[in-house]
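Take a look at the structure set out below.
Read-outs: derived from the displayed coordinates by stated rules, not from any lab. Here the structure is a predicted model, which is why all the values come from computation and not from measurement. Here Cβ is always computed from backbone atoms with ideal geometry, including for glycine, and neighbour counts include all displayed protein chains.
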Amino acid sequence: MLNEKKIVVVMPAYNAEKTLEKTYSEIYRDIVDEIILTDDKSIDNTKDVAKDLNITTIVHKENRGYGGNQKSCYTAALKSNADIVIMLHPDYQYTPKLIPAIASMLAFEEYDAVIASRMLSNALEGGMPLYKYISNKFLTGFENLFLGQHLSEYHTGFRGFKRSVLENLPLEDCDDDFIFDNEMLALVCYYGYKIGEISCPTKYFPEASSINFGRSCKYGLGCLGVSIKYFLAYTGLYKSKIFKRDAKKLDIYADLPYYHRTNN
Ligand SMILES: Nc1nc2c(ncn2[C@@H]2O[C@H](COP(=O)(O)OP(=O)(O)O)[C@@H](O)[C@H]2O)c(=O)[nH]1
Ligand SMILES: [Mg+2]
């Protein structure tokens, strides 16, 4: 708890058995009330490593993709009565030691959403491939222009949200693949929530980065599309699916395939 707010860390996992324990061991438990991992039908033993660590574990029956996995993360966190939800990748790419910093920005109500930015830190020194660095800079410039923001990046996988953001955004209608992250941030802006940033060291090593050049290109093009759709919706010219008034929110009453539950 922090400022009487329940803090829940969610981890969207896919083949994270090698890095999960190390990531988990660096989570500062004094303020984190619960940790939830959603396993998107990994082909390794992620779910049992999570269970052995006594992490609340959900295992998808089918592989849904990174966005689909996050939908389960946030639904589970809302079901657990989280006030503050922090997404941390279990691939040990982002340092868990900054969870208290992110949590305090949200728990003391200064911000509605927080992103931990690699671009304010050591992205290249941390081993981010040059093509990803350049694309990140380009996409960030493009998105800032179309979304009217001043963010240092839109592509980090280390983020925190207040409960109300997860309840109000139409996340169910967002994509099930990687572009989910970008759609979600665009919606955060569209709904007028306040976004804070902190700098965050990052590390690139084989287990922490599996996305290849082809998938990165697809993601990059998707980001350009999200910015343009945002702009069209904002100016009232055309509202695409996620920007429509009746776009679907997460269903907090949905049944989730729990594999292991902690008692807290
Ligand atoms: N659900 C799902 N998640 C995936 C898949 N591939 C990667 N991920 C997750 O997506 C996140 C980002 O992928 P990663 O390979 O680490 O990308 P990078 O760090 O941006 O180079 C990680 O938390 C992975 O566990 C997939 O096919 N399905
Ligand atoms: Mg990674």
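Give the shape of region 213-254 as rounded, prolate or oblate, defined through the alpha-carbon gyration tensor: a ≥ b ≥ c are the square roots of its eigenvalues, a/c under 1.5 means rounded, and otherwise the shape is prolate if a/b is larger than b/c and oblate if not.
Oblate is the answer for region 213-254, as a/c is 1.5 or above yet b/c matches or exceeds a/b.
Would you kindly state how much longer the chain becomes between residue 261 and residue 209 on full extension, computed as 0.36 nm times their sequence separation minus their alpha carbon distance, in nm to one decimal?
Length gained between residue 261 and residue 209: 15.9 nm.
Across region 145-159, in residue order, what do the Karplus-derived ³J(HN,Hα) couplings come to in whole Hz, using 6.51 cos²θ - 1.76 cosθ + 1.60 with θ = phi - 60° and x for Gly and Pro?
In residue order, the calculated couplings are 5, 7, 9, x, 10, 9, 7, 8, 6, 10, 10, 6, x, 10, 8 Hz.
Mind ranking 229-239, 187-197, 99-109 by how tightly packed they are, going by the mean number of other C-beta atoms within 10 angstrom, highest first?
The most tightly packed comes first, giving 99-109, 187-197, 229-239.
Would you work out if region 125-166 is rounded, prolate or oblate? Take a ≥ b ≥ c from the square roots of the eigenvalues of the alpha-carbon gyration tensor; rounded if a/c is under 1.5, else prolate when a/b is larger than b/c, oblate otherwise.
Oblate shape, in that a/c is at least 1.5 and b/c is the bigger or equal ratio.
Arrange the following residues from fewest to most other Cβ atoms within 10 Å of their Cβ: 173, 39.
By the 10 Å Cβ count, ascending, the order reads 173, 39.
Do you know the relative contact order of the chain, to the nearest whole percent, from alpha carbon pairs under 8 angstrom that are 6+ apart?
Relative contact order here is 26 percent.
By how many nm would the segment from residue 176 to residue 30 lengthen if fully extended, with 0.36 nm per residue of separation less the alpha-carbon distance?
In short, 49.3 nm is gained.
Once the other residues with Cβ under 15 Å from the Cβ of residue 125 are scored (Lys, Arg +1; Asp, Glu -1), what is the net sum?
Charge balance in the 15 Å sphere: +3.
Using the Karplus curve 6.51 cos²θ - 1.76 cosθ + 1.60 with θ = phi - 60°, work out ³J(HN,Hα) for each residue of region 178-192 in order, rounded to whole Hz, and write x for Gly and Pro.
Whole-Hz 3J(HN,Hα) from phi for region 178-192: 5, 5, 3, 3, 6, 4, 4, 5, 4, 5, 4, 5, 4, 7, x.
Shape of the chain from its Cα gyration tensor (a ≥ b ≥ c, root eigenvalues): rounded if a/c is under 1.5, otherwise prolate when a/b > b/c, or oblate?
Verdict is rounded for the chain.
For the residues 219, 24, what sequence is obtained by ranking on other C-beta atoms within 10 Å, fewest first?
Placing the least packed residue first, the sequence is 219, 24.
Between beta-carbons, use under 12 Å as the cut-off and find the net charge around residue 179, counting Lys and Arg +1, Asp and Glu -1.
For residues surrounding residue 179, the net value is -2.
As a footprinting exposure proxy, order 218, 61 by other Cβ within 10 Å, with the fewest listed first.
Ranking 218, 61 by Cβ neighbours within 10 Å, fewest first, gives 61, 218.
Taking the Cβ of residue 263 as the center, what net charge do the other residues with Cβ under 14 Å away carry, scoring Lys and Arg +1 and Asp and Glu -1?
0
So, in nm, how far is label residue 22 from label residue 237 when the simple model puts each one 7 Å beyond its Cα toward the Cβ?
Once both label points are built, they end up 4.7 nm from each other.
To the nearest 500 deg cm²/dmol, what mean residue ellipticity at 222 nm is calculated for the chain from DSSP H runs of n ≥ 4 alone, each contributing -39,500 (n - 2.57), summed and divided by the residues?
-11000 deg cm²/dmol
7 Å from Cα along Cα→Cβ at both residue 199 and residue 252: what's the point-to-point distance in nm?
Distance between label points: 3.8 nm.
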